[in-house]
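One structure below.
The values are calculated or read from the model by the stated rules, or taken from the named source; none is laboratory data. Just so it is clear, the model here is predicted, and its values are computed rather than measured. Every residue, glycine among them, receives a Cβ derived from its backbone with ideal geometry; neighbour counts consider all protein chains shown. Each accessible area value is taken on the protein alone, full model and side chains, heavy atoms only, with ligands, DNA and RNA left out. Shrake-Rupley method; radii C 1.70, N 1.55, O 1.52, S 1.80 Å.
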Amino acid sequence: KEWQTYHHFSVRTTKLAGGPALPIPTKVPTISPTETRTWIIPGTNYQESVCPSTLDRSSVNGNLYEVRGVGGGGAMSGLSISPWNNLWFVGTDMGTLFRSTDAGKLWYPVSHYEAKYHSRLIVSAPVGYTSDPSIVVHATCHEDVANRDCVAQRSVDSGITWSPINITGGIRHDNEGSAVLEEIPMSWYGSLIQSSGIVYCTVFGSGNVYKSLDDGLTWSRLSLPFNTTNPAVGLYFDESSAPTRYIYFATSHGIYMWKEGFEDNAREIYASDGTILLQSFTGARMKGSSALMLGFVDSDATACEGDINADCGYVHIFHQEISTAAAETHSFAFTKTSQRGFRVASSRTDSDLLYVTGARSWPSATGTKVWIGSYDNVQNLFAFTLKFRQYPLWDSDKLDYSGVGLDVGYWDGGYYRWNVKPNDSNVAGGSGNFFLHVTRNGGGHWESPFTEYADGCNTNEERIGGRRWRSTGLEMTSVRWLRFNPYKTNMAYASVADIRMLRSDDGGNSFEITGGDNTDPLFRLNTVYDYDFAGIHTVFAVGGNFHDWPHEWYKNLRRGAGGVYVSFNSGDNWHRVGAEASSNCNDNYLDVVCSLGDDMVRQILSVHWDATVGGGTLYVGTQSAGVARLEELNDIMASGTIEQMQDLRWEWINNGLGTDNGRIIPEIKERNGNLYCLLTGNAPEYTNNHDVGIYLFDHATSSWSLKKGVVNRHAAISSGFDLWAYPTSFDSDQLDNLWLVDMEANGNYLASGIWKSSDDGGTWDRVQQFTFPYHVTCVGDRIYVSGARSISHIGNAGWGDGGALFSDDGGDSWQKNEGIPLLSNLNSVVVDP
């Protein structure tokens, strides 16, 4: 509106049933009528009650723990679908293998003490099934098996417990005595005739084939009469005339067939010209019919078009009524189609339906497409139809949308793997990271089986963004913290890698992905790292564009891009707090040029609000430059404007906080009336060890003092290692004891752990070795310490201790909770208020 004196306007509001009174602003411009002024009005965040779950949760109710969240959002691969029952598996790059016993409706992680899943998803195979419905096989490896030991496993109880097996017959063993794989299993082909015992295994990078006659317990390599240095691209196990069985096997250079047990007589039924090779292969026979289908994708580069420049080819198909006996001598002629793709897949019992997908290397818009070829008996050919894509978004009546997709974005790459149920072509699916999409009706409809929509009764069952979801157990995102608002304890906020943050308004039963819309500054963050609260609806958040602190190189000094934000409506919308430039910028800070006026645009790990100091002061800890504060916020938040808040200048308060300008501050806390912060090692240099520790802030002098007198070296710690190379968390208990945990870093083998001081930091002693602790918190008489446990890919405990530890006697003894399945990557513990 054009400004003019005595310009009045009216606001009409409607109070929703159950909602609080809505405040109406009555302010007028006070500075200049040509400037925008946005008055701070605390919001209400009113929402309807969440809808009851419609899922039958009986399949997971027997577990000690429940998995919470929205589902999805991390990296998934390796969907496997049992031909016998409702047993499904999915792997994730966070090291966890998930298991479902109700055909993917609900999931629960396999204990890390039993089996894991390698982060190298491109070479990590799905779980394999055998002729026994209860026996499954598994191998997940890094591609460098020559230097990184990898062991295959077998389970006889449907994937609950696992034992090592020897597949490739190598002579090397790991430090537990288990046979180490010489080649990486790529795909498993178990018999569809129960109790036959037959399983085949193909491997990455070669044409070797391994066979088991006892459901995967023992294995032998087939002696094949063709060049097995060419990599395998697929196998079809034809059991339609059992007990006589046939194998169709393809490498990059040709397709071979043989009668089972007579592999010496294998013959080539298709040969490439050595230039255009094969990329994938499948086969099927129609159940109750003699119709045989064999299909492959070539590597003809002319199939590449537009933004696809690699891993593309044309689909070739053989489809004919032919008996197994006649096939032994038949001259196979394949028809080259115009259908482009990278991968073909089918069930083994339906020769009239073929799935085609793009490659992992394809751009998002094309890599997630799925075409289905249906055999036309009249025209005697396959007709291909696009049955799924993520971009542009598939129609809502054909795809069950997810919160991650709607509120973060459908930007997956192409599929790592595509799997079809071996004896039911209607059931298929795959994942390219964030999303697992599954069809149960041959591509007519697609599910997102990692999530349940929790607002269906409020939106007429239409799945829309900005709403609440329940996890189905398939969670693989990194969550650093879960914080409850002490002013409204049903409100909980989680800091989540890649998808910023989650919010719950029902005490953690359901969550929504929030962080504002794409016009809000918080929307551009990768991860919100910490929260604090100034009221029922006022939430502070800090974060940045690098996820997964303090893991691997993410723990290093890093300016990044991020900042400090506040929401006055419980997280619906966010505003940057303070100016982008501080009042005392320092050009020596990491990647800072003060003349640019943006030294507060950086990754921030910790935040603390204190309404009683400096007219309302916000403190933040950065991943590179120490601690900053912003004062005089009380009056502005009570009756001021967003613009006034954003005109305030931050002040760096690093006096006494070490001598190095590279300052990483993981935590800022008020304990027993005092303000403390934690300064950790300046990785990757680790040159500030003398400065590392807990600091106490003196408000009168605005300076810090280090609570680090004598740190006693435990007898088990080598004299060559620095103590406290990289602390990650601290706390103070009700007896004023200080606690600190540090993680193994800079090669300080077994030197990290749980440390205690009973004299205000004068003397410190390690009371428990802990290899990778990330969090310590004191609740009454109990001390909780959580972190990672070194566990091998087959569930063997590695070096040192870790996991979920707690002490009820002041640290004299420690107990470990090993009922949590995710023992190798715990981040933190919070008590439900």
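Within region 491-632, what whole-number % of the accessible surface is contributed by carbon and sulfur, with the 1.4 Å probe and all protein chains included in the calculation? Numbers along the way, then the final one.
On the way: 1740 of 3970 Å².
Ligands and nucleic acids excluded, carbon and sulfur reach 44 percent.
If we count every other residue with Cβ under 15 angstrom of residue 175's Cβ, Lys/Arg +1 and Asp/Glu -1, where does the sum land? Could you put the intermediate results ahead of the total?
Values: positive: 148, 172; negative: 149, 174, 176.
That works out to -1.
Can you compute the modelled spin-label distance between residue 310 and residue 714, with each label point 7 Å from Cα toward Cβ, in nm?
Once both label points are built, they end up 4.6 nm from each other.
Compute the signed sum of charges (Lys and Arg +1, Asp and Glu -1) over the other residues within less than 9 Å, Cβ to Cβ, of residue 526. Intermediate values should be presented prior to the final figure.
Numbers: positive: 500, 524; negative: 498.
Summing Lys/Arg as +1 and Asp/Glu as -1 gives +1.
Given a 1.4 Å probe and every protein chain left where it sits, what share in percent of the accessible area of region 192-317 is carbon and sulfur?
Values: 2290 of 4780 Å².
So the carbon and sulfur contribution to the accessible surface is 48 percent.
Take every DSSP beta bridge with both residues inside the chain and express the antiparallel ones as a percent of the total, to the nearest 5.
Details: 174 of 180 bridges.
Close to 95 percent.
Can you pull out the cysteines in the chain that have no other Cys Cβ under 4.7 Å?
Cysteines lacking a close Cβ partner in the chain: 201, 677, 778.
Highest first, please rank the peptides 183-189, 699-705, 241-247, 469-475 by the mean number of other Cβ atoms sitting within 10 Å of their residues. All intermediate terms of the calculation are to be shown ahead of the outcome.
Working: 183-189: 22.4, 699-705: 13.4, 241-247: 16.6, 469-475: 25.3.
The packing order, highest mean first, is 469-475, 183-189, 241-247, 699-705.
Determine the alpha carbon to alpha carbon distance for each of 116/816; 708/816; 336/387; 116/756; 105/287; 105/555 and list only those over 30 Å. Provide the component values of the computation, followed by the final result.
Numbers: 116/816 20 Å; 708/816 28 Å; 336/387 21 Å; 116/756 34 Å; 105/287 28 Å; 105/555 36 Å.
In this structure, 116/756; 105/555 exceed 30 Å between Cα atoms.
Keeping the other protein chains in place, figure out the carbon and sulfur percent of the accessible area of region 776-833, with a 1.4 Å probe. Walk me through the intermediate numbers first.
Details: 1080 of 2310 Å².
After summing per-atom areas, the C and S share lands at 47 percent.
Assuming R0 = 35 Å, what is the FRET efficiency of residue 464 and residue 545, from their Cβ-Cβ distance, to the nearest 0.05? Let's see the in-between values first.
Working: r = 27 Å, r/R0 = 0.78.
The formula returns an efficiency of 0.80 here.
In square angstrom, what is the accessible area per residue of the chain with a 1.4 angstrom probe?
I get 39 Å² per residue for this part.
Here are labelled values, [x] 35; [y] 26; [z] 21, and one is the computed percent of Cα pairs over 50 Å apart for what I pasted. Which one?
After the calculation, the listed value that fits is [y].
Based on the alpha-carbon gyration tensor of region 169-266 and its eigenvalue square roots a ≥ b ≥ c, which shape applies: rounded if a/c is under 1.5, prolate if not and a/b is larger than b/c, or oblate? All intermediate terms of the calculation are to be shown ahead of the outcome.
Details: a/c = 2.12, a/b = 1.25, b/c = 1.69.
Note, shape of region 169-266 comes out oblate.
Stokes-Einstein at 4 °C, 1.567 mPa s, Kirkwood radius from Cα pairs: D for region 113-195 in µm² s⁻¹?
Working: Rh = 13.2 Å.
Once the numbers are plugged in, D ends up at 98 µm²/s.
Amide H of residue 280 versus every other amide H placed in the peptide plane: which residues, excluding those fewer than 5 positions away on the same chain, fall under 5 Å?
Correct list: 297.
Cα atoms only: what Rg and Dmax, in Å, come out for region 531-675?
Radius of gyration, then largest Cα-Cα span, for region 531-675: 14.6, 45 Å.
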